[in-house]
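Q: Sharing a structure, written as structure tokens. Questions coming.
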Amino acid sequence: MNIIMFLIIGAIAGWLAGQIMKGSGFGAIGNIVIGIVGSVVGGFTFSLLGLSSGGLIGSLVTATVGAVILLYISRLIKS
């Protein structure tokens, strides 16, 4: 996957996670960062559960799930 698609998936995943978690938004760069870190968290979580995903949609789902987990943990620490 090239870097442009990686950034686009990260941005979409970060935005989706913000919508799911009812966040106020993090801007384009924040969404990309949250989505990219979320993809790592999601990939790790999916591997622990024995799940796998492939393709564009699978990558987006994995990154979004990871970003939601990341936002949830950050809110627990913040409060």
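Q: Take the residues in segment 10-19 that are touching a residue at least 40 places away in the same chain (Cβ under 8 Å) and over 12 Å from residue 66 (Cβ atoms), then tell me which one is most open to solvent (accessible area, probe 1.4 Å). Can you show your working first?
A: To start, the set of residues in segment 10-19 that are touching a residue at least 40 places away in the same chain (Cβ under 8 Å) comprises 10, 12-14, 16-18.
Keeping just the survivors that are over 12 Å from residue 66 (Cβ atoms) gives 12, 18.
On the way: 12: 73, 18: 8 Å².
So, considering only residues that are touching a residue at least 40 places away in the same chain (Cβ under 8 Å) and over 12 Å from residue 66 (Cβ atoms), the one most open to solvent (accessible area, probe 1.4 Å) is 12.
Q: Still on this model: Within segment 21-37, is there a residue that is open to solvent by 30 Å² or more (accessible area, probe 1.4 Å), in contact (Cβ under 8 Å) with a residue 40 or more places away in the chain and part of a helix (DSSP H, G or I)?
A: The answer is no, given that none of the residues of segment 21-37 is open to solvent by 30 Å² or more (accessible area, probe 1.4 Å), in contact (Cβ under 8 Å) with a residue 40 or more places away in the chain and part of a helix (DSSP H, G or I).
Q: Restricting segment 43-62 to residues that are hydroxyl-bearing (Ser, Thr, Tyr) and assigned to a loop (DSSP other than H, G, I, E, B), which is surrounded by the fewest Cβ atoms within 10 Å (Cβ to Cβ)? Write out each step before concluding.
A: First, pick out the residues of segment 43-62 that are hydroxyl-bearing (Ser, Thr, Tyr): 45, 47, 52-53, 59, 62.
Next, from what is left, pick out any that are assigned to a loop (DSSP other than H, G, I, E, B): 52-53.
Numbers: 52: 10, 53: 15.
Ranking the qualifying residues of segment 43-62, first place goes to 52.
Q: Criterion first (open to solvent by 40 Å² or more (accessible area, probe 1.4 Å), under 20 Å from residue 2 (Cα atoms) and of a type outside the set (Gly, Ala, Ser)) does residue 73 satisfy it? Let's see the steps before the verdict.
A: Values: open to solvent by 40 Å² or more (accessible area, probe 1.4 Å): yes; under 20 Å from residue 2 (Cα atoms): no; of a type outside the set (Gly, Ala, Ser): yes.
Considered against the rule, which asks whether it is open to solvent by 40 Å² or more (accessible area, probe 1.4 Å), under 20 Å from residue 2 (Cα atoms) and of a type outside the set (Gly, Ala, Ser), residue 73 comes out as no.
Q: Here's another thing I want to ask about it. Among the candidates 43, 30, 14, 50, which residue alone is of a type outside the set (Lys, Arg) and within 9 Å of the chain's Cα centre (by Cα)?
A: Values: 43 fails: within 9 Å of the chain's Cα centre (by Cα); 30 fails: within 9 Å of the chain's Cα centre (by Cα); 50 fails: within 9 Å of the chain's Cα centre (by Cα).
It is 14.
Q: Okay, moving on. How about segment 1-20: which of its residues are more than 16 Å from residue 72 (Cβ to Cβ) and in a helix (DSSP H, G or I)?
A: Answer for segment 1-20, where residues must be more than 16 Å from residue 72 (Cβ to Cβ) and in a helix (DSSP H, G or I): 3, 4, 5, 6, 7, 8, 9, 10, 11, 12, 15.
The values are calculated or read from the model by the stated rules, or taken from the named source; none is laboratory data. Computed from a predicted structure; not experimentally measured. All Cβ positions, glycine included, derive from the backbone under ideal geometry; neighbour counts span all protein chains shown. Ligands, DNA and RNA are stripped out before the accessible areas are found, and what is left, the full protein with its side chains, is counted by its heavy atoms. Shrake-Rupley method; radii C 1.70, N 1.55, O 1.52, S 1.80 Å.
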